[in-house]
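Okay, structure first, notes after.
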Amino acid sequence: MTQVLRDKHIILGITGGIAAYKAAEVASRLVKARATVDVVMTEAATKFVTPLTFQALTHHPVITEMFALLRETEIGHVSLAQRADLLIIAPATANTMAKLATGLADNMLTATALGTQAPILLAPAMETKMWENPLTQDNMARLQKMRDVTVVGPGAGRLASGGMGPGRMAEPAEIVAWARIILGRGGPLAGQRVLVTTGGTQEPIDPVRFIGNHSSGKMGYALVLSARDRGAKVTLVSAPTALPAPVGMQLVAVQTAQEMQQAVLEALPESDALIMAAAVADYRPTVAAAHKIKKGETGLELELVRTSDILAEVATQRAELGWPRVVVGFAAETQDLVANAQAKLKAKRLDLMVANDARQAMGADVNRVTLLDASGGVEELPLLPKEEVAERVMDRVVELLRGGLSTD
Ligand code: CTP
């Protein structure tokens, strides 16, 4: 987990809708990421969930109308509004959105919203008819024109009324992902475009079988979140994985090495840095059978041909165009880690090589890597969660991009 939420002051506003119970998970996720969370509830919200739930989750008193009347001086919601780095309203009802759009300040939450200069993240939740009503749409457009407002969701699906359609509040994980994006916008990779590949490619043998590997894609997914939370514009080229699509970036799904190469070369002119974390097949069946191969009495030989080396192709283009500015590779080894990785760093003309033992790394949540740079530097990192490895790699990418020109 990146540090972008750490020590940030977030006001979580909760309005009166059935989705209010899901706001408990939003609060919990923010607190786990070490944000300071102050909850402001409208009176209607307290009918759905008790303030005590949020007080227990955030370890802070919850601001409600009653509470504010009694203890305004102690809580100082005005100073809270001024100190906030972000105001999240989840769920946001049509009623509250209308109030925000017209500058009404008739309760603690709308007064806080009017009094803060922090960006606002709205997660609307309401019946489909209310959401689709031109008045609601107008209110939203008006709000987005005047304030730094990000609207997340609503998703489509089954609503509390039993109806189907748009109106469901976005999932807590998605809301928190957007909080991270908003707070990371001015980060050290702001304005930079980062292209990452991940997953293990699959080379079809017939319509139901393929040659693959044990790569889970976790390392690449950790890398893209780290880059995104530092303000980068991210493109992820992903071979199949079991991981949920990451929020706030372009995702290009591929299957084979050839598809991955095509996707990388297409995105390359628009990228400042390329990080190849994918486990790309070096061989593929010469032909993929059109129909399922039936078993016979004897053994079966598969004829394989080499796939092209994507990083080698990138190096050729880079030599000509001087682009992208930074290229990072991963070396999956099972023996002579540093020597083999160093040879690949040179051959593929990389700025940074992340060397790992493929037997330990593939599929695991932790990884022990050695970082090798083009000027001969070797840094051995301890066994770390992949999220933490991603942070260290991204620190280097930031440095390399700052350094400007490539090293080859
Ligand atoms: N790579 C690539 N294209 C390939 C194979 C690998 O771009 N066809 C990239 C990987 O994404 C990784 C780096 O090259 O960043 C090293 O991959 P690795 O599998 O460790 O090495 P190979 O070059 O395939 O060499 P070998 O399999 O012989 O170890």
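Averaged over every viewing direction, what's the projected area of the C-alpha convex hull for the chain? Give it in nm², one decimal, please.
Result: a mean projected hull area of 24.7 nm².
Within the set of other residues whose C-beta is less than 10 Å from the C-beta of Val287, count the net charge using Lys and Arg as +1 and Asp and Glu as -1.
Result for the neighbourhood of Val287: -1.
Could you work out how far helix 65-75 tilts from the main Cα principal axis of the chain, as a 0 to 90 degree angle to the nearest 10?
80 degrees
Run down the aspartates and glutamates and flag those whose C-alpha is under 13 Å from the C-alpha of Lys346, throwing out any fewer than 8 positions away in its chain.
Output for Lys346: Asp373, Asp408.
The range 153-212: D in µm²/s via Stokes-Einstein (Kirkwood Rh, Cα pairs, 37 °C, 0.692 mPa s)?
Taking Rh from Cα pairs, D becomes 206 µm²/s.
By a straight-distance test (C-alpha under 24 Å), which lysines pair with Lys294 as possible cross-link partners, with residues fewer than eight away in the same chain excluded?
none
Is the shape of the range 165-252 rounded, prolate or oblate, going by the alpha carbon gyration tensor and its root eigenvalues a ≥ b ≥ c, with a/c under 1.5 for rounded and a/b larger than b/c for prolate?
It comes out oblate by the Cα gyration axes.
Summing +1 for each Lys or Arg and -1 for each Asp or Glu, what net charge is found among the other residues whose Cβ lies under 15 Å from the Cβ of Ile310?
0
If the only charges are +1 at each Lys and Arg Cβ and -1 at each Asp and Glu Cβ, what is the size of the charge dipole of the chain around the Cα centre, to the nearest 20 debye?
With Lys and Arg at +1 and Asp and Glu at -1, about 540 debye.
How far, in degrees from 0 to 90, does helix 23-32 lean away from the longest principal axis of the Cα atoms of the chain, to the nearest 10?
It is inclined by approximately 60 degrees.
Of all beta bridges DSSP finds with both residues in the chain, what is the antiparallel percent, to the nearest 5?
Taking every DSSP beta bridge within the chain, about 30 percent pair in antiparallel fashion.
Can you find, among Gln82, Ala125, Thr307, the residue farthest towards the positive end of the dipole of the chain? Put +1 on the C-beta of Lys and Arg, -1 on that of Asp and Glu.
Toward the positive end, the furthest listed residue is Ala125.
To the nearest 20 debye, what is the magnitude of the charge dipole of the range 9-184 about its Cα centre, counting +1 on the Cβ of each Lys and Arg and -1 on the Cβ of each Asp and Glu?
320 debye
Order by neighbour count: Ile120, Ile175, Ile14, Ile205, fewest other Cβ atoms within 10 Å first, most last.
Ascending Cβ contact count within 10 Å gives the list Ile205, Ile120, Ile175, Ile14.
Rounded to two decimal places and with Rh computed the Kirkwood way over Cα pairs, what is Rg over Rh for the range 193-401?
That ratio is 0.98, to two decimals.
List, in the order given, every pair from Lys22/Lys233; Lys99/Lys233; Lys344/Lys386; Lys32/Lys218 whose Cα-Cα distance in the structure shown is over 26 Å.
Lys22/Lys233; Lys99/Lys233
Taking the chain as the reference, fit the longest principal axis to its C-alpha atoms, fit the long axis of helix 134-146 to the helix C-alpha atoms, and give the angle between the two in degrees, 0 to 90, nearest 10.
80 degrees
Each value in this text was obtained by applying a stated rule to the coordinates, not by laboratory testing. Everything numeric here is computed off the predicted structure, so don't read it as measured data. Counting neighbours? That spans all protein chains shown, and the Cβs are built from the backbone with ideal geometry, glycine included.
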